Structures are given as structure tokens and as C-alpha cells.
Amino acid sequence: MLERFCNSTFWNSSLLDSPEADLPLCFEQTVLVWIPLGYLWLLAPWQLLHVYRSKTQRSSITKLYLAKQVFVGLLLILAAIELALVLTEDSGQAAVPAIRYTNPSLYLVTWLLVLLVQHSRQRCVQKNSWYLSLFWILSILCGTFQFQTLIRTLLRGDSSNLTYSCLFFISYGFQILVLIFSAFSENVDSSKNPFSTASFLSSITFSWYDSIVLKGYKHPLTIEDVWEMDEAVKTKALLSKSETHMARELQKARRALQRRRQKALPQGPKARLHSLAKTESQSQDVLVLEEDKKKKKKTGAAQDTPRSWLVKALFWSFHGVLLKSFLLKLVHDLFMFLNPQLLKLLISFANDHDMYLWTGYVYAILMFLVALIQSVCLQYYFQLCFMLGINVRTTIMASVYKKALTLSNVARKQYTIGETVNLMSVDAQKLMDVTNFIHLLWSSVLQIVLSVCFLWIELGPSVLAGIGMMVLLIPVNGVLSTKNRKLQVKNMKNKDKRLRIMNEILGGIKILKYFAWEPSFQDQVHKLRKKELKNLLAFNQIQAVVVFLLFLTPVLVSVVTFSVYVLVDSGNVLDAQKAFTSITLFYILRFPLSMLPMVIATTLQASVSTERLEKYLGGEDLDTSAIRHDCNFGKAVQFSEASFTWEHDLEAAIRDVNLDIMPGQLVAVMGTVGSGKSSLMSAMLGEMENVHGHITIKGSTAYVPQQSWIQNGTIKDNILFGSALNEKRYQQVLEACALLPDLEILPGRDLAEIGEKGINLSGGQKQRISLARAVYQDLDIYLLDDPLSAVDAHVGKHIFNKVLGPHGLLKDKTRLLATHSLHFLPQVDEIVVLGNGTILEKGSYSALLAKKGVFAKNLKTFLKHAGSEEEATLNDGSEEDDNDYGLISSVEEIPEDAASVVMRRENSLRRTLSRSSRPGSKRLTSLKSSLKTQPVNGLKEGELVKGQKLVKKEFIETGKVKFAIYLKYLRAIGWYFISFIVFAFMLNSVAFIGSNFWLSAWTSDSKTFNATTYPASQRDLRVGVYGVLGLIQALAVYLANLCSAYGSTHASNTLHKQLLNNILRAPMSFFDTTPIGRIVNRFASDISMVDDTLPMSLRSWLLCFLGILSTLVMICLATPVFVVIIVPLGILYVSVQIFYVATSRQLRRLDSVTRSPIYSHFGETVSGLSVIRAFEHQQRFLKHNEAGIDTNQKCVFSWIISNRWLAVRLELVGNLVVFSSALLMVIYRDTLSGDTVGFVLSNALNITQTLNWLVRMTSEIETNIVAVERITEYIAVENEAPWVTDRRPPPDWPSKGKIQFDNYQVRYRPELDLTLKGITCDIKSTEKVGVVGRTGAGKSSLTNCLFRILEAAGGQIIIDGVDIASIGLHDLREKLTIIPQDPVLFSGSLRMNLDPFNNHSDEELWEALELAHLKPFVAGLQLGLSHEVTEAGGNLSIGQRQLLCLGRALLRKSKILVLDEATAAVDLETDHLIQTTIRREFCHCTVITIAHRLHTIMDSDKVMVLDSGKIVEYGSPEELLQTSGPFYQMAKEAGIENVDNTAF
């Protein structure tokens, strides 16, 4: 029929059977024309419908659009001309075949359709439809055949169809032009992400990303350079999309849970009764065991939460992407198996010289096309998977954050802040990892099955032998990996221990320096590190065996398979086709076999994470139904029979409360500790579980919690809390909350940066900022939970008058004030007295006094006590009062540059000179004058004052990692090791080349011998040598890995040692300006990179590099012409690599820089939940979190695209290698045999994956070597003076203890002013000297100078005739003793805390403990001196810690004792004990006491009064009391008239 239609032959296979093969014209004009047209017509309706549905407005017409439309219009005209010509011809003689009418008519309609589709695409974001691009490609490909047929016809001189041919050529050219136009993207807005507008060709090659790669190559990328994500994949959109699915699935899961519970009900009650009866009859210690069991049971019950809903919800949210990626992976996997088949055909072509040359070319082109399609599918699949991964991670992170804002307190109690942050960081990341591999679960199985099938076709049943080998190796690998996992767990424990000690060392570094204890702690760390490295070495040795097996597998399998194949049947001869096809298949098989265990492991880890996330996200929300908000209510707050509890199984914390508060009232809530004051406020905020009753509230609430919550940011940000700035009100609030004097001292005033958790503020300042935040918000009802507890009395008074009281800023608001301060009570409207959760009394101050109830009784006892204690408690330092002494917060508390947090540590000045007996008038006037300081102004935003930035910003390296860093690491490994490793890897490559050549020679045997004449000896030799070469490969790799294990362990050891030694020798100023976290990070993540990741990346890189080299060498040996092709491809490869690495490296850095703010913001949110909820700022925090996640997401997205961009280009290089080698095989087939062809091509096919991997490894190494760079940065920190010098003092020095200061000057850091400005004085032997002075006078600096924590800026200190600057630090510090202000203990035994070097006997230790009054306590401990002290001495009271420090001092028996007075921690009795012990035991020593209370130094021989770094008075207390100088003033303030009046 088609023959009639064309009027010529449709198909004739004899046409193909010639060297000049061609297809019949009829076939070309029918089938090959209709394929593209059919495709277009089938998909057009669907496309148009899609456009119609999208309903976006039309965009403006671009030149590109016009050009496409014009050319399609020209095609339309050409079709019309052709039709016209045919019609005019028809009137002539011969009948024109039907095909000549139908084709132009079809084309006419088709081009109209194309015009319509292109026009309709103007409404889409992506103007170029993938479907039209594919149509053009198809049309051009199918047209090629007709094109060459027509040219051949014309060349033969047959010009009967000349006009038709010309028309065809012109339209063919136009189609190519339109395709070129469609390759360009129409990007309307250049700032936007071009991803969405990229054309089809641009998006499959990722060339829309070129501009960023170029930018990244020219200069390091910044956040601004990275494109924003599309709205559709931003956090907000993803969250709203997945929330509906989550809610639905969670409902289903909850219903299923109820059904499960109902099934399990009947057995319940009986069992419960039984267990109760049992526990009652058991003694105490058994009860503890029961508790443990209960806990386990409880976790069992906790498992009883809604299950497996999260995965379903995620599936429904993203099933579209999953389906697309599934299809792409399927196509890729199937195409993967076409390559070995094509290889087989090429080998047979090379062996059979009768085949026509064109078949070879067709095979080569097919090979290239298959590889190309495979690459495109694979890259697009990866892109989808990684995008899915990011989207899943984003969804989880946003959901966890949102859930945290609504989670009920009961559910929240199960998680620490760290654990909650982990859900967001670790678990979300695990899920992201698993989505990247999820398809490998089915794809691995599919690949294994297909490989086995194809191998069976090649080699028959003998394949089973090879597969048997693989299966046998699986359990071996399993055993090794479980062993490795155990080692990993063990090592994690060692790592934790080491980091804990590091944390303690860095936290207590001051004490280590004072006592010269660094060597002892260094040893401890070294011991742990030794254990860790031992395990690491074992781990790496096992790893080497695993790699050995991995390498041996393909070799073993091929040897076994080929041997069995040859030996089973003498008729089987191994020829090139079989051997090389099988080897290619074995290589394909190797990947899924090695991946499957990893994928399963990842999936299991992710399933654990899913369970944890399900438990968290499925937790109960806050139930605030008992809190009713009513704007038209008469009262401000009304409690109606309200009972609330913190947890359902605990008793109520608030019981049957009835309370009415009228608008504008100031109500004080009184009560003992634990009577329920804070609970009352929490109940109003809806933070508690309702038992019965309800609370009605009119208006909005503000909340000031007892423990102030401060965000990391400026003071201004904290007070504004997201509101707009109203300058006048802002200044009012600052003044009322007594913040102006603090701002005077703070560098940068209100723009001073506050560290995490308000680390660089005193408690009082935090509390006042927290109050200022609430006052500034201007809401209706204020809940104030004891805001005056942390501030000093007169500051409290100021705040009460200016803010809370009847004339304060809040006078018209309703205020609920929980307080312990009794002196404000006369000014409040109503007092509510709580006891045990119920209201005991309420009424006004006078009414309650008249009633003579609980309140009156308490007041009376308080007044009685206060009277008698007036003289006694001269600052017994209740921990609460953070004495902001006269607000002029010490200069040392917030020095010119807030960095000297140290100074704050030394002088936690919670104890100024006196507390309760301050002479009123003088202090208050100075207070008032200090409060009238001018308002905060002067600083423009963005200006930095010296020291305003507390913490130096962490240094982000940019650009290339310097070569010196690589050298440093290689040197640390050791050159012997390195040369051996390289040698072993090269041996592996040589053996690899050898085994390939040998196989090639073996397969050529099949030409010389046939099955019957094949000699057995030859056969055995072939099998034997092939096996040996394979074994050598595996052994070489094993040796290299083993050697690398030793080398890298050695390097880890060296680097850690250098780092630790240097950090311990760093001066104190380094620790002040560097956050501990940053130093610990070097010891944690960076060292672990050097331990684990870096050596692996280096090994992989070397292996890949040599593998590629050897493949290229083999191809060149077989076909020397290949060198010509290698050069341009090599240049292309290297240039792509250089561009990529620059961009990728910077994107990785940006990723980690943008990631940490998300977690720290989350941690902050969780700790300040009650405040955020009270102010109803949840939406603002959600937005902030979403913005943070989006910033991070765009960096990750960009990084993923950069990987794809690279992979597509590299795969192209690899595919070109395959294509060119295939072409060379065809061109030179006369000189080559089939086995060489097989041997070259089977290696070329493997090169693409290896090339890809090499670049990935290069960038991995670049990323990981940064760890060495960061470690080196800290190895280079400058040290303090040497510990021991050549000039050693005499062994009994100092024998007298005589100290001379000679015009001594000192400053904390080079850029700051002098702290001590020229001190000169003599302290005689065994003299007792007290040092006094106001805050910031330089008292603590004096002790630091004696110990050379600070080095002199001028002058000198001489002890017993030796200038202390001339000897080593340890020689000096070991001879002095200090009892520091803050008692610092380390985790370890009591013995270690007293005597870390084991210099003393047990008797001496007990004696010291007895003198320190600790003997009864220690003797009462089960382990005595071996009693373990927990971190920072957490299991001892502060008083006991202080006494332990005294014990330390007693053991040292040195001639000079410095006593930095510690008062806050110790009650009066203990204090008395310490004083008497010191007087008795240290009578033969020179004692310098830094006093915070005058009583303790009234009996000293001399008193030194310091003021702003100078000595203003020096003499005996008696003399100084005679003259009315500064000392006299102080004594008078403290109520001391003469020396004798110092009664305790």
C-alpha cells in the first residue's frame, strides 16, 4: 500500500547490503517524517491544556520569540510553496504520487500548530517548552537520512527532483536555526534565579548556571551573589504544602493508635495492681531498681505514639518528584546494559573484516548516544533527588521549629535544648541523606538481576561460581563492618571524654596557669588521645581489609568465572567478545553490590530519625482553652476556681484560686519559696495544664520572667523586640530602667553586642534589659516575676519609683508583681499572699497588718531579724543580689572592651564593700547624679567603637588553600610513608595494565587454537597468571591502605600534640577574646576531619588519579593516535575542574556559615518560649527562622547545581573519550584485532565514573584540608613566656617572701590603656597586707602581675632579690600560692584536684583536709579521696569547693600566699573557719589579701588602698583610720569606727 502511496519501493534490504548503504526514499518520506509529526500532535493538546490552566499574564514580546515565530512562519510559506508546485505539476502528464500532496499539507497544519504552541508559551514562566525542543531534535535527526539521500541523488547527476530538493534543504536549514534559537533562555529579570526560565537544552546541560561559576572563579562568592530560590520551593510554600498532608496522616495514625490501645486494654488493670502490691513490700534499694525498670517501661509506652505517618506525609507532599526521578533512574539503568552489548557488536565487527565499514561507525555513534542519554538521565535524576533532599530537610526543620512554638510543657520536658536542636540538625540531615539514595534500594536489585541475566547469556551456568564468590564475601564484609561499628562507638566515647576534659581545661585555664598545672592535664589528654588513636588505627586496619576484599572481588570473580567456564567443558574457548563483555558487566555489578549495604545502613539510620521526629511532631500541643480573652470584660484578670498543674500526674501547683484584679491595679504576690508565685503567672500565660476552672483576661500581656532571657544581638534589638523605634519612648525606658550608666561603660553603648545567653552582662543588667523590653512594648497587663531580685537595693528602689510604682511609667497598666522585697509593699494597691498554691490572704497593706494573719507575722519576724543583723551581715552575699553597685557597673565587669570577660571572672563583683548599712544621703545623691547622665546618642549605626565587638569574628578563609598547608599535612604523615604509599598504588596500576594486556593475549588464543586443539598447559598458564596479577593488584592496595593507616594516625597524633601544646602555652588574653566553643571546635570537628575524612579522601584521590592515568596509557599503547585526542580533552577537563573547585569550595563555606545561625536561633527560641508566647511574637520568630533556612537553602541548592554542572561536563569528556576510542577502533580496524578493541573500550567505558569521582575527590580534599588550615592557625598562636628557662632560681627560693614593686605598670592588651599606673612599694617578709579599693581599682590585676598572667608594661617585681621576669613561668608559679575567688574544680578524683602530680602522700592530704575542715566530710564518703568530682565540681556545695581550694593552698606550703577573697559562696561560719585557719597556718608567710570586706583585713600589718591603678594610701590600719582619707571613708561606710570593732 505504501509503495502505491509513494510510487516507489518502500523497503528493500538489499540496499543495506552494500558498502554504500542507504534507505529507500519512500521509507524516509513516510515513516521518518511521520514519527516527529505524530509525537507533536499527540502531545500538543496536553501542552495547550497545561498552558491554559496556568493562567499567568502574558509577558512582553522578546526578540528571541519574534525570531522563532518568523522562522516557523517561513517554514509555513515553504510548505505552501511546495503544495502549490505540486498542484501546478498535477495538471501535467504523469500522475503525481499521493505522498507529494500529503506531506506539504501535514507540514502546513503542523507549522500552524507550532506557531500556536510558541505563542501560548508566552504565558508560561519557562518560554521554551521541552516538548518543542524534543520535536526539533527528532525532526532534524529523522531529516538527516533524507538529506543525505537527496544529496547522493544530486551527486549522481539525477536532477529530476531539483526544486523539491532545494525546498527540503532550505526548510532543513531553518529547522536547525529554530533549534539553535530554542537553546537560548529568555531571561526577563537578570537578578532572579534563571533556573525557572532556562530553556530545555540549557536546563539539561545546566548551562544557565555558567554565570555563577564564572563569578566564583573571578572572586570568592558572597551570599549576595547566590541566587534566591523559587517561591515554590521556599520554606513557607513547602511548609504550607506539607502541613495539610502531615495533619491528615497524623489524624489517621492517631486513630490507628486508639484502635491498638483498645485491643490491648483487657490485660491492663490486673497487671498494674500486681506490680503495685509488689513494690510496696520491697526495701528502698530494690525500689531504685524498680524505678529503672519503670523508666524502661515508660519508654516502651512512649513507643506507643502515632507511628509511620511522617514518611507517608512526606511521600504525598513530594510524590511528583519521586515519580519523575524513578522514571529517569529506570531509563538510565536499562541504558547502562546497552553498552556491554554494543561493545560485543564492536568486537565482532573488528574480528569480522567482511562487515561493512559503515556498521562500525553506526555502532560508535550509537555508543556515544547511549552514553549521552545515560548521562543526561543520571544528572537530571540526581538533581531531582538532591532537590527532594533539600525540600525534605527544609520541611522537617521548619516543622520542628513551628512545633517547638506550640508544644506543651509536658512534651517539652522530655527534651533538653540540645536534643531539640539535634532533631533539627542531625535528624533532618539524616533524612536528607536518605532521600538522595532512596531509589538505589530498588535500582541496586534491578542492576544485580540484569547483570546476572546478561552474564548467563555470555558464559552460561559458570557465572554461578563467580556470583557464589560475591555472596560468600558478603557475610565476611558484614562481620568486619560490625567490628568497625563497635570500634566507632568505643572511639566516640573516648572522643567525648577527651572533649570533656578539653572543655574543663579551657574553662579553668586560669587556675591551671596560677598553679602551673598544665603538664598534668596535658598528660591526661595525651593518654586519652593515645587510646583514641589506637582504636583509630585498628579501625583503619580493618578498613584496609574491607578495601582489599572490595578490590579482590571483581578480580576473584572474573578469575573464578573464567576458570570454571574454561574448565567445565573443553569446548569452551574464551574469546574477546565473551571476556570483555563479561568484564564490563562485572564492573557494573560491583557498584550495586558495594552500595546496597551502605544504602540499607543509611535507611536504617533514617528510620531511627523518623521515629524521633514522629514522636516530637506528634506530641501534644499547649492547651490554652482555659484562658479566655474577652475585650469587653469588666475586670483585667479573673481567676474562677482555677486549678493548674505542671504535669497531669503531679499534684496541682495552683489550687482553687479565686482572684479578681481590676484594670490599672498594682498587685503584689507574696509567699515563701515554692509557694506558687511563678506558677500563678505561668497559669495566666497558658503555660500550665488546666485541672479545672478558668482564667479570663482582658487585653494583651507582657511578661518579665525570673530568669531573664536575652537574645544574641545588640541591646537595642533586645529592648525593641521587633517593634518600631520611637526615640522618645526608648530614651524614657532606658532612663527608667536605670540602664543609662551601664550604657556609658559599655563599648558602643546600646549597639554593644550581647553574647549568647547574655554572657557579657551581669545578672542585674540582664534583668533590667528584660524589664525594659516589656515596658517598651506598651501592653495592657504586666506580669513581673520578681524582676528586682537580681538588682541591688537602691537600683531596685529607682526602678520601683520610675517603672512599677504609683508614679512610674506603667502607672495606668495592670501590674502583677511577684516579689520578696517588703519595703515596697506599702505602695501597692493589693497584696496576695500565697502558700502551697492557694491564696492565704489578700487585701491592702494596712488591712493585712490589722488582720494580724500570716502576712503580719512574717513581716514582724523579718523586721526583728533585720534589726539584729544590721551590723552582722555586712554583705553575707546572698547570691541573688548582683550588686550593680551604684549602677556604675565595675569597669572590670565591662571593661573598655567587653572582651575581658576574665576580669569579670576574677571580680565577679557580687560583693561590694558593704550592703545593708550604707549611709543613705551621700550614696543617693551620687546615684541620682549618675542616673541623670545624658541620653544615649552619639553613635551612628554601623560605627564600631574599640572593643564594642566582644568576640573577634571567626575568620572565614577565602580563595585557594595554600600549598604550604598540604605540605604541612604531608610532612606530618612522614615522607617514608608517603613514598611507600605512592609506590604501592603505582604497583597496583602496573598490575592492572598487565592483567588487561594478559587478558587480551588470552582471548587472542581463540584465533590460533580451536576448542579441540587448545593445550591444557597453555590454558592453566593463562588462568594462573591472570589470577596472580589480580592478587597483586589487591595486595598492593591493601599495603597502601595499611601504610596510609599508620601514616595518617601519625599525622593526627603530631597535629593534635602541636595544637594542644600550643593552646596550653597561649597567653591569658587569647582565651579572653576567643570563645571556648571556637577552640573546642578545633579539637572536635577539625581533629576528627584529620582523623577520619582527610586520609580517606587522599587515598581515593590517588587511586582515581592513577586509575585514570593507567587507562589512558593502555589506550595509547593500543592506538598511539589517541594521544592527539587526549590533549584537548585533558585541557577541557582541567579548565572545567579549576572553574568548579573555586565555586564549590566557597559555596561549601557559605553553607556552613549560614547553617549555624539557624541552630543557634532555634536554641534561643526554645529557651525563651514562654516570653515569645506571652508577647505573642510567634509569627515574627517563624518568619526569622524561615528567612534563615531560605538563606542556607539557596547556598545548598547552588552547591548541588554546581556539582551537576560539573558532572554533565565531565561526563561529556568521558563520553568523548569513549566515542573517540570507538571511532579510532573503526578507522584502524585493519591493524587491530578484536581483543585489543575489547580491551581498550571496556576500559574507556569505566573512565567516566572515575573522572567524575576524581573531581569530586579533589574538591573534597580542598574542603577537608581546611581543617588542617584551621588547626595550623591555632598552632601558630603566639605563646606566653617559656615555662622553664636556663636561668633557674635557687631550690629554696623564696626563703623570706620579701616582695618589691618598682614603678610597676601593666595593661591587659596592647590596644588598651594602662591598668596599673606605676606601683611602687615594699612588702617585708611574713607581712600581712590587705589590698582594698573600689571596683575596678586594679586589685585583681595586682595578683595577675605577681603570677605573670599579665606581663609588665614597665617597671619590675622583685621577690627575694630575683626579678620575676627573668625566670621561667613555672619556676615562678610553683612557688606562689593563690586561693582564687571562684573555686574551680575539675572532674576526676578529690586526690587529683588536690595534688594532680601525686607529689604528696595520703597522710599529707588528710592533714590538709583536716586543717581545711573537710576531713569529716571526705571521711564520710564511700570512696574517700578517690571520690569522683563531677564536671566543675557540681556534686559539692560552693562552700565545700572553697574549702577544697584552701586545702590545695595548705599542701603547697609556699612562702607567699595571695588570697583573692571569696565571699559570695560561703556562709559566715565557714568564712570564720577559713579566716582562722589562714591566720594560724600561714603565720610564717607573706600574705596578700584582696579584700571585698574590710573586716577581714583590719588585723593585717599594712593596708594598701588602690584607686584607678595607683596606690593612694599605704600603711597600718590604725594609722589610716586616724587621717580622713579614702580608707577612713570606706570604714565609715562599713560601720567600722576603730580597729577593734570588727566583730563577726
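Some points to look at:
- Dipole moment magnitude, nearest 20 debye, the range 655-727 about Cα centre, only Lys, Arg, Asp, Glu C-beta charged: 100 debye
- Where N is the number of residues in the range 319-404, Cα Rg divided by 2.2 N^0.38 Å: 1.74
- Label-point separation, Val109 to Phe315 (7 Å along Cα→Cβ), nm: 4.4 nm
- Pairs of Lys residues in the range 340-499 that lie 8 or more places apart, or on two chains, and have C-alpha atoms under 20 angstrom apart add up to 8.
- Between 0 and 90°, nearest 10: helix 1094-1118 axis offset from the chain longest Cα axis: 20 degrees
- P(r) tail fraction, the range 1-158 - alpha-carbon pairs more than 24 Å apart, %: 45 percent
- By a 1.4 Å probe calculation restricted to protein chains, Trp208 has an accessible surface near 20 Å², given to the nearest 10.
- Solvent-accessible surface (1.4 angstrom probe) belonging to Val449, in square angstrom, nearest 10: 80 Å²
- Residue list for the range 661-693, given a label point 7 angstrom along the Cα-to-Cβ vector of Arg628 and an amide N cut-off under 13 Å: 693
- Extended-chain gain in nm, criterion 0.36 nm per residue less alpha-carbon gap, Lys263 and Leu327: 18.8 nm
- Working from label points 7 Å from Cα in the Cα-to-Cβ sense, the Lys413 to Phe1397 distance is 5.0 nm.
- 12 Å beta-carbon shell around Ser207, net charge (K/R +1, D/E -1): +1
- Sites Ser570 and Ile1227 - FRET efficiency at Förster radius 41 Å, r taken between beta-carbons, to 0.05: 0.60
- Label-point separation in nm, Tyr217 to Lys851, each point 7 Å along Cα→Cβ: 8.4 nm
- For the chain, accessible area per residue (1.4 Å probe, heavy atoms of protein chains only), Å²: 44 Å²
- Computed Kirkwood radius, in angstrom, where 1/r is averaged over Cα pairs of the range 1191-1312: 22.2 Å
- Heavy-atom accessible area, probed at 1.4 angstrom with all protein chains present, ranks Met595, Met684 as Met595, Met684, highest first.
- C-alpha long axis of helix 268-280 to longest principal axis of the chain, angle in °: 40 degrees
- C-alpha long axis of helix 1178-1227 to longest principal axis of the chain, angle in °: 30 degrees
- Here the Kirkwood formula, the inverse mean of 1/r across different C-alpha pairs, assigns the range 1034-1114 a hydrodynamic radius of 15.2 Å.
- Net charge of neighbours whose Cβ lies under 15 Å from the Cβ of Phe349, counting Lys and Arg as +1 and Asp and Glu as -1: -3
- 222 nm mean residue ellipticity, helices alone, for the chain (DSSP H n ≥ 4; -39,500 (n - 2.57); rounded to 500): -20500 deg cm²/dmol
- Fully extending the segment from Met492 to Ser520 would add 7.7 nm, taking 0.36 nm per residue of separation and subtracting the current Cα-Cα distance.
- The chain, dipole about Cα centre (Lys/Arg Cβ +1, Asp/Glu Cβ -1), debye to the nearest 20: 1940 debye
- Its Cα gyration tensor gives the range 1134-1248 an equivalent ellipsoid. The semi-axes, each the square root of 5 times an eigenvalue, are 56, 12, 10 Å from largest down.
- Model label zone, Asn1081; criterion: amide N under 19 Å from point 7 Å along Cα-to-beta-carbon; scope the range 680-713: 712-713
- Whole-Å distance, taken between Cα centres, linking the range 619-687 and the range 1361-1410: 54 Å
- With all protein chains modelled, accessible area of Glu458 [1.4 Å, Å²]: 10 Å²
- Count Lys and Arg as plus one, Asp and Glu as minus one, and take only other residues whose Cβ is under 13 Å from that of Ser14; the net charge is then -3.
- FRET efficiency, 1/(1 + (r/R0)^6) with R0 22 Å, evaluated for Lys252 and Glu647 via beta carbons: 0.20
- Length gained on full extension, Glu1518 to Ile77, computed as 0.36 nm times the residue gap minus the Cα-Cα distance: 506.9 nm.
- Computed from the Cβ-Cβ distance with R0 of 30 Å, the FRET efficiency linking Arg729 to Asn658 stands at 0.25.
- Accessible heavy-atom area order of Thr205, Thr197, highest first, probe of 1.4 Å: Thr205, Thr197
- Legend: residues Asp660, Asp1322, sorted from most to least accessible area (1.4 Å probe; ligands, DNA and RNA excluded), read Asp1322, Asp660.
The values are calculated or read from the model by the stated rules, or taken from the named source; none is laboratory data. In this text, all values refer to a predicted model and were calculated from it rather than measured experimentally. Cβ: placed from backbone, ideal geometry, glycine included. Neighbour counts: every protein chain shown. To get the accessible areas, we keep the full protein, side chains included, count just its heavy atoms, and leave off ligands, DNA and RNA. Shrake-Rupley method; radii C 1.70, N 1.55, O 1.52, S 1.80 Å.
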